[in-house]
Structure formats: structure tokens, C-alpha cells
1. Please report the net charge: other residues with Cβ closer than 11 Å to the Cβ of V168, K and R +1, D and E -1.
2. Give me the percent of DSSP beta bridges within the chain that run antiparallel, rounded to the nearest 5.
3. Modelling each spin label as a point 7 Å along the Cα-to-Cβ direction, I'd like the A265/D83 distance in nm, to one decimal.
4. Using only alpha-carbon positions, what ratio does the radius of gyration of segment 87-192 give when scaled by 2.2 N^0.38 Å?
5. Be a star and scan segment 203-233 for residues whose amide nitrogen sits under 12 Å from the point 7 Å along the Cα-to-Cβ vector of D19.
6. Starting from the Cα gyration tensor of segment 74-117, take the square roots of the eigenvalues, sort them a ≥ b ≥ c, and report rounded, prolate or oblate (rounded when a/c is under 1.5, otherwise prolate if a/b is larger than b/c, else oblate).
7. In Å, what is the Rg of the alpha-carbon atoms in segment 84-140, and how long is Dmax?
8. Between A95 and I286, what FRET efficiency follows from the Cβ-Cβ distance if R0 is 35 Å, with the result rounded to 0.05?
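Read-outs: derived from the displayed coordinates by stated rules, not from any lab. All figures in this text were calculated on a predicted structure; none of them were measured in a lab. Glycine also receives a Cβ, built like all others from the backbone with ideal geometry; neighbour counts cover every protein chain displayed.
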Amino acid sequence: MLGFSRARPYSIGVDVGNDCLRLVQLAQNGHGLKLVAGKSKDRPDDVRPGSADWQRWAIQTIRLFTTNGGFSGRDVIAAIPPDDLFIDHIRVSKANDSKIEEMAFAKIKPKLPFEPVKENLMIKCIRTTGENVVVMAAERKIIDRHLAIYEEANLHIKTIAVWPLALVNCYTRFFGRRKSDVEAVVMLICIEDDRTNVVICRHKNLLFAHSISIGAKQFDDDGVVTRLVLELTACRRQFGSIHRDAQIQRLIFLTGRSLDRDTCATIAKQLEMPAQTGDCLAAVQIADPYRLGIDRRSEPSQKTMPSPKQQLNWATAFGLSLS
């Protein structure tokens, strides 16, 4: 059997959120995908996200993981955190493709949550269907801050990616492999600790993306799941107004087993849509989960496993490694 020593690993996917840092590396060994390494660490409570202390913590943590965590090589693919990535859905005629970024900036300028100076922004436009375009923007200083982290950690950054495309990668490689999935429009729901990321796609084609500031750590409060359902309903309505000829056929919860299945069932029931769970950890071979600090069980061992919060969701990191 072909082992890791002969398998060519993918790049290391780095998912840096406000509350947690995750690194994952996958490899193709001829029989499917295997997990080379995976590490996760919560941000210390006394470190403010985006601060100089946060940057130093991220550098030290990534350096430690990539040196001692079993990762292969120095190539990484990372994503800007959802809090730092502005996403909007606009219409731009195909005749204006040569000026699409300029036209997109003009349309999103009044909505930007940061200084609307084009020279200070990185803009990515993805044409979905017809005149519909998903536009994503981030401040250059935020991107430079992340680039500095990987440079100081002695890593080679192949690209700064975006989380919506990472989730699409995760879905298509693991859960959208049937012939019927190629044309199916699905809503991917990725519930993190502090937020819920939503993507609607037709297989590899991104159609819609939105990040909701409601996460799993809030689910103990009465009414939070109902609020999340209202936000998801708003996403579905907005999508319907943009893509009038497309209908969402099912929900896919890209989540680990530590998330309460009753919560997923409640969300699907209130949205009145068929749903399934896509656990990427269950879709790959993990030779030694105890060494890697990753477990597929819903109740990790207090002695050897990290906290359930760290178990929650690896979908973005998996998708980045596969990018």
C-alpha cells in the first residue's frame, strides 16, 4: 500500500479566525485523501484579534505547528478571516468585463466598512451567472499583516485565498461527487464557534456567500437558533432575488460531529429543506488521530483530545489545503 512517504502532499491550509487558528495538510496516496497533519489552537483571552500581540502569537503558534506538528514542506495557502473580508453581490454587464473591478468598486464603495480608497484595497470579482457578480474586498494592510505572519514563520505563502471558495472546494471534493451533484444548487452552512459562514453553489460554481455573526458558542441562549434561521432565510431570499431561475435543492452542514445534530435538524426543519451533514474528518483517512490531536468522535477524551470547540469545524482549512 502506498504510504505518506510516497504521497505528494498538498499545501498546508491555514484557517486564521478571530478565536482560533487551524492548520491542515492533506495528501493523495492513490487510494484517496489522507490527513498528513492537523493542528488547532484557541486564541488566548488576553490577546486582542488583529493586535501586535495577536500577530506575535500567530507567528509563534504557526512556527511551532509547522516545525513539530508533522507537516510536510513550507508551502501554505491561507484565507483572510471573515471579519476582514467584505462580500457583496452586484450586477455588471458582460460587455464591461475589462472594467469589472472599477465598476465593482464604484458599486460597493458606499457600503464598505473600511476606508473606501481603491488603492488601499484588494478586490476579487467572480462572475456567477449572466450579469451577476460576487465581489470580495479586503484592505491591503490586513493582507500585508497576514503575509508578514507567514514570512516571519519561515513559510512560503502560495496564495491568499477566500473562505467561500475554500468551502466550495471542501464540498466538491468530499460531498459533491455524484453525477446528480454537478447541476444541483446547494446551500453550505459552516457553523464556527463565533459565526456561521454560508455559501450557495452549483458544484464548483460559487453563486452566493455571506457570513453571519452567530456561532455555536451562543446556542445555549434562548432564541439564538431561531435568529440564525431568520438570517439564513434572508440569505435564501437574497439569493432568490439574484438568481431567479435557480432553486436551492438541499442544505449541507459542513461541520464536525461535536455540533449537536438536533440543532442541525431544527434549522433544516424551520427552513423546510432537506439536509445532510458533511463531516470532512470522516471523509479522509486518519492514521493516528491521537497524535494529530483530531478525533471523529463527538465526545473527545479530556486526557488526550483538545476541547470540543477545537473539534467543531475543519472545513475551511481542508478546502484551503485542496486549493
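1. My count for the surroundings of V168 gives +3.
2. Of those bridges, close to 70 percent are antiparallel.
3. If labels sit at A265 and D83, their model points lie 3.4 nm apart.
4. For segment 87-192, the normalised Cα radius of gyration comes out at 1.28.
5. 213-221
6. oblate
7. That works out to 10.6, 31 Å for Rg and Dmax.
8. My answer for the efficiency is 0.10.
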